[in-house]
Each structure stands twice: as structure tokens, then as C-alpha cells.
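As C-alpha cells, the structure follows; a few thoughts come after it.
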Amino acid sequence: MASVKFQENLINLQSNLLNFAYMLTSNRDDAYDLLQDTTIKALDNEDKYAEGTNFKGWVFTIMRNIFINNYRRTVRSATVVDTTDNLYLLNLGQECGAESPEESYGAQEITKAINEFPEEYRIPFSMHVAGYKYNEIAEHTGLPLGTIKSRIFTARKKLQERFSDYR
């Protein structure tokens, strides 16, 4: 692809790329950074673009891969490695100290709210929170998978509405 045409196509995609970046990052500044990184990488790798392939898909794949790599780098850098002699730090929680009364009260209130749900919502939601997968919950309850997903979604929405003032 001629360099000018390549650049024109890239410029024409900027608004779509920004929307996609915002969807990935949920932050305006991070979205602009991701857009800039993607544009630079696309321009640097113009020679790798094969004529006749989907240009838009190629650029969006670059953006997605940059986002994934940045996310993995962030997770890796947040990992704490315990280098003490007796691995003392390994047994400490993220927040050392006792649970605050506010946290305890909030957990009790949330549990109470969940227990007030009708059984048709309480059982699937409780199983989901406990770590069961949707298909396992559907199999256990004998209900269709879509029904399980809908009930869990509805239960979550009810909790969000009830505790909207906690934010």
C-alpha cells in the first residue's frame, strides 16, 4: 500500500480506534495513550501490512494486542515476590489488621439482602458467588442456561440498586 494511502486510511480510522480504546480502558487518558501507541506501531509496521487484507481488522488487532500486553505487564509488576528468609510475608494478607466494623457491617447487610431474595434468585446467585460456573448451576437446578444467567443478572441489579448509596 502506498505510504500516503496507508496514512489516509489510518487517519480515517482514528475516531473508531478511539472508541474501541475507550471501551477497552474505560478511561479517557488511557484511551488516548492506547490510540497513540497503536498509531505509532501501525506506522512502524507499515511494511508488514499485506495488500488486500482487511486494514481495519489489522489495526484493531494491533490495538487489542497492545492493550493485552500492557495489562499483562501491569499484572506482572503488581505481583509481590517474598524474598524473606522464612517466607514471612507470604502468610500476610493484602491489608494487615482486623476487619473494620464498617466492612463487617456491610458484609452482614449484603448477606441479609441476598437471603431476602426469593429462592429462584437466591440459589443461583449464591452458587455463582461461591464460584460455580453457569452451566454447573443450570445442571444443579435443572433450569436452562439462559434462565440462570438472567436470574443472576437480576439479582446483581437488585443488589446494586439496594446498595447504590454505598459508593
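Just to verify a result, which residue in the stretch 104-151, among those that are of a type in the set (Ser, Thr, Tyr) and out of contact with any helix residue (DSSP H, G or I) (no Cβ under 8 Å at 6 or more places or on another chain), is farthest from Asp165 (Cα to Cα)? Among those that are of a type in the set (Ser, Thr, Tyr) and out of contact with any helix residue (DSSP H, G or I) (no Cβ under 8 Å at 6 or more places or on another chain), it is Ser150. Within the stretch 129-153, the set of residues being modelled with pLDDT of 90 or more and closer than 16 Å to Thr111 by Cα comprises Ile152 only.
Within the stretch 55-74, being at pLDDT 90 or above and of a type in the set (D, E, K, R) holds for Lys56, Arg64.
When the stretch 59-80 is limited to residues that are touching a helix residue (DSSP H, G or I) at 6+ places or on another chain (Cβ under 8 Å) and among the hydrophobic types (A, V, I, L, M, F, W, C), the one that is most open to solvent (accessible area, probe 1.4 Å) turns out to be Val80. Among the residues of the stretch 38-54, at least one is modelled with pLDDT under 90, open to solvent by 50 Å² or more (accessible area, probe 1.4 Å) and over 18 Å from Asn65 (Cβ atoms).
Within the stretch 106-140, being more than 13 Å from Arg151 (Cβ to Cβ), open to solvent by less than 80 Å² (accessible area, probe 1.4 Å) and of a type in the set (S, T, N, Q) holds for one residue alone: Thr111. Filtered by the rule that a residue be among the small types (Gly, Ala, Ser) and either exposed (fewer than 15 other Cβ atoms within 10 Å of the Cβ) or in contact with a Pro (Cβ under 7 Å, 6 or more places away or on another chain) (or both), the stretch 141-164 gives Gly142, Gly146, Ser150, Ser164.
The values are calculated or read from the model by the stated rules, or taken from the named source; none is laboratory data. Remember, predicted model here, so these are calculated numbers, not experimental data. In this analysis, Cβ positions are derived from the backbone assuming ideal geometry, glycine residues included, and neighbour counts consider all displayed protein chains. Please note that ligands, DNA and RNA were not included when accessible areas were found on the heavy atoms of the full protein model with its side chains. Shrake-Rupley method; radii C 1.70, N 1.55, O 1.52, S 1.80 Å.
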